[in-house]
Structures are given as C-alpha cells and as structure tokens.
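Presented below is the structure to which this report refers.
The values are calculated or read from the model by the stated rules, or taken from the named source; none is laboratory data. Computed from a predicted structure; not experimentally measured. Neighbour counts are summed over all protein chains in view; Cβ atoms, including those assigned to glycine, are modelled from backbone coordinates with ideal geometry.
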Amino acid sequence: MSQLSTRHLLGIKDINADDIQLIFETADNFKEVLNRPIKKVPSLRDITIANIFFENSTRTRLSFELAEKRLSADVLNFSSSNSSVKKGETLIDTVNNILSMKVDMVVMRHSSPGAPHFLSKNIKANIVNAGDGTHEHPTQALLDAFSIREKLGDVAGKKVAIIGDILHSRVALSNIFCLQKLGAEVMVCGPTTLLPRYIGQLGVKIEHDVEKALQWCDVANVLRIQLERQQIKYFPSLREYSLYFGINREKLNKLDKEIVIMHPGPINRGVELNSDVADSEHSIILQQVENGVAIRMAVLYLLAGVK
C-alpha cells in the first residue's frame, strides 16, 4: 500500500493500522532529510496549505509550519484572534474565503469537537485535524507512537500508561486509538475526577495509584493538567496533585526496571513532572518534538497524493 485510505486526517479513529505504518515509513525517510545539511525537499512545491487556528497553539502550529516549509509548500497562516471571526463570521465563511485563494489543504485547530469533520463535508480541500476540542489530536498520537517505535523497536506488545488529566485531553483519546491499533496495551491513570465516565468502554486498564501504573508500564505518557479547560475544581490543589500523581526521581528509583517518560508538552514542571525526570535519560520529550516535524511532513505528503 503506497497511499492512505482516506482524503483527510480527521482522527485516528478514521484510519487503519496500514495507514499508520505507511505514515511511519514515510516519516522515517523524512527524518533522514531533516538530518541533512539541506533540510528541504520539493515534494509539495505546487501545493498551498492554510494553517487555520481558532485556538491558541505554539508548538503544534510551528511544527506544522516547519513541516510545510521543509516540503516547499506555500503556507498561509490564519489565527482567529486577529480576524473577522471576532466580528461574527462563521467557520464556513472563513474557510470559503481562504479557499477562494486556491488553497489545496487546510490544517485546522478548533475548540469545537467535530469542526474538522464538518469542514471535510463542505469543502474540497484535504483537511488535517490539529486538535478539535477535547476530542482528537491525531498527529500528536502518531508522533508519540512513532517515538515509542524508535526507542523500543516496536509498539506491539508494549505497555503504555497515560497518566494525568484524561478528561480534558484530546491527546489521550487519539493515543488510545493509535496504540491499540498497533497492538499495545494501554492503561489510564489519574484522579477519579479526571477520568471520563466512558473510559472503561475503550478497552483500557484503569488505575488510580501512580506508583502501580509506573510499575506496570514500559512507557509513561504524562499529560498536562489543563487548568484552562477546567471550570470547576477537580482536585484540592496543584501541590496535592503533584504529591499523589506527579512523577519525580524518587518514584522512578523505587521501580525495579527502567521506563520511558513522554510528555506532549508544554510541561507544568513541578506539577505532573519534576525537572529531574523531564530532563533525565528516561525522557524522550525532545525526540517527540523532533519526530513531530517528520510525522507531519509524512501526513501532508501522503494526503497531497490522495485527491
């Protein structure tokens, strides 16, 4: 198979294991390109890509932008904070205006779950979901699984614990779908208040004791406490959260094995991860950032071939 089974990347739920493997193999090639003195290829020279971010983002937007430029695409950047969206323009109007500029692809982040799916039904361009509300964030899950494959040789058969604020995280859901499609075992761990009610139906293990979760897993993917999405208090204080669920060197030293530490960023240092863990030899956080560009190059390149 040399082509994706879909025109869009809306979520991991909508793609299959063959698609994921094809993205990984393509990313392997692009990672080689990124380590050359000249880091650019002309693969998308005639393609125009619009990055439309209705929600703030620094790392994801920069990662996509860099991937697009490395592929020689023409790039349009749009953020809603300084646009007509503030004047009441609808999502479809905004996008139609951008498409009238002859855009081939849209990379979109939106606070409403399902916004990219809505777009994909109404416009002709390929859509890449860069995060929709608390629903999915497919390229993050792909780069996380790609980083595990790079570090441990394979994802199949590995035990991955996703620890932290599962309730408000789009990364968690995409990760669960992606890891399960690749044959990994998944556990979620966090306070009861930060685990969604439906989570048990997704075939994951559930744990509330972080030390037990660390003892079980090969990889701990630690999520940020998303205070900006929390309208009510889900735990007494950040200090208490850190005490019970934060990962520090002391907790790692109690284990009878070495585990891999991941984090999609940005890190609340001293809350979910201490610096002595985030910056340690256990951590592959910086490799995740590097792999993000290669994965996004692969996704854009492959989707450009599916019209």
Given the residues A145, A220, which is the only one that is in the same structural domain as S283 (by TED's automatic domain parsing), touching a residue at least 24 places away in the same chain (Cβ under 8 Å), outside any helix (DSSP H, G or I) and under 16 Å from the mean Cα position of the chain (by Cα)? A220
Filter segment 171-192 down to residues that are closer than 14 Å to Q21 by Cα and buried (at least 24 other Cβ atoms within 10 Å of the Cβ) and give me whichever is farthest from the chain's Cα centre (by Cα). L179
Of the residues A161, A156, A130, which single one is assigned to a strand (DSSP E or B), of a type outside the set (S, T, N, Q) and more than 15 Å from L9 (Cβ to Cβ)? A161
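What are the residues in segment 221-264 that are small (G, A, S) and modelled with pLDDT of 90 or more, if any? Please lay out each step first, then the result.
Step one: of segment 221-264, the residues small (G, A, S) are 237, 242, 246.
S242, G246, listed by residue number.
Return the residue satisfying two criteria in turn: it lies in segment 40-57 and is free of Cβ contacts under 8 Å to residues at least 40 places away in the same chain and out of contact with any Leu (no Cβ under 9 Å at 6 or more places or on another chain), and of such residues it is surrounded by the most Cβ atoms within 10 Å (Cβ to Cβ). Break it down into steps so the answer makes sense when it comes.
Here is the first cut: in segment 40-57, the ones free of Cβ contacts under 8 Å to residues at least 40 places away in the same chain are 40-42, 45-46, 56.
The next check asks that each one be out of contact with any Leu (no Cβ under 9 Å at 6 or more places or on another chain); those that pass are 46, 56.
Numbers: D46: 10, N56: 12.
Within segment 40-57, the match that is surrounded by the most Cβ atoms within 10 Å (Cβ to Cβ) is N56.
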Residue list for segment 194-210, restricted to those being surrounded by 20 or more Cβ atoms within 10 Å (Cβ to Cβ) and either outside the structural domain of Y241 (by TED's automatic domain parsing) or farther than 18 Å from Y241 by Cβ (or both): V204
If a residue has to be under 25 Å from E290 (Cβ atoms) and in a helix (DSSP H, G or I) to count, how many in segment 236-277 make the cut? 5
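For segment 33-55, does any single residue satisfy the condition of being of a type in the set (D, E, K, R), at pLDDT below 90 and either under 22 Å from the mean Cα position of the chain (by Cα) or assigned to a helix (DSSP H, G or I) (or both)?
Narrowing segment 33-55 to residues of a type in the set (D, E, K, R): 36, 39-40, 45-46, 55.
Right, trim to at pLDDT below 90 and you get 55.
Then drop every residue that is not either under 22 Å from the mean Cα position of the chain (by Cα) or assigned to a helix (DSSP H, G or I) (or both), which leaves 55.
Yes, segment 33-55 contains a residue that is of a type in the set (D, E, K, R), at pLDDT below 90 and either under 22 Å from the mean Cα position of the chain (by Cα) or assigned to a helix (DSSP H, G or I) (or both).
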Please go through segment 148-170 and give me each residue that is within 24 Å of M297 (Cβ to Cβ) and in contact (Cβ under 8 Å) with a residue 24 or more places away in the chain, ordered by number. I148, R149, E150, K151, L152, V155, R170
Condition first: assigned to a helix (DSSP H, G or I), in contact (Cβ under 8 Å) with a residue 60 or more places away in the chain, among the aliphatic types (A, V, I, L, M) and in contact with an Asp or Glu (Cβ under 6 Å, 6 or more places away or on another chain). Can you find one or more residues in segment 187-198 that meet it? no
Failed criterion for Y301 (all others in (1) at pLDDT 95 or above; (2) surrounded by fewer than 20 Cβ atoms within 10 Å (Cβ to Cβ); (3) among the hydroxyl-bearing types (S, T, Y) hold): (2)
Enumeration of residues in segment 278-288 that are outside any loop (DSSP other than H, G, I, E, B) and either touching a residue at least 40 places away in the same chain (Cβ under 8 Å) or of a type in the set (V, I, T) (or both): I285, Q287, Q288
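Report yes if L303 is out of contact with any helix residue (DSSP H, G or I) (no Cβ under 8 Å at 6 or more places or on another chain) and either assigned to a strand (DSSP E or B) or touching a residue at least 60 places away in the same chain (Cβ under 8 Å) (or both), otherwise no.
Details: out of contact with any helix residue (DSSP H, G or I) (no Cβ under 8 Å at 6 or more places or on another chain): yes; either assigned to a strand (DSSP E or B) or touching a residue at least 60 places away in the same chain (Cβ under 8 Å) (or both): yes.
In short, yes.
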Given the options I267, I285, name the one that is modelled with pLDDT of 95 or more and in contact with a strand residue (DSSP E or B) (Cβ under 8 Å, 6 or more places away or on another chain). I285
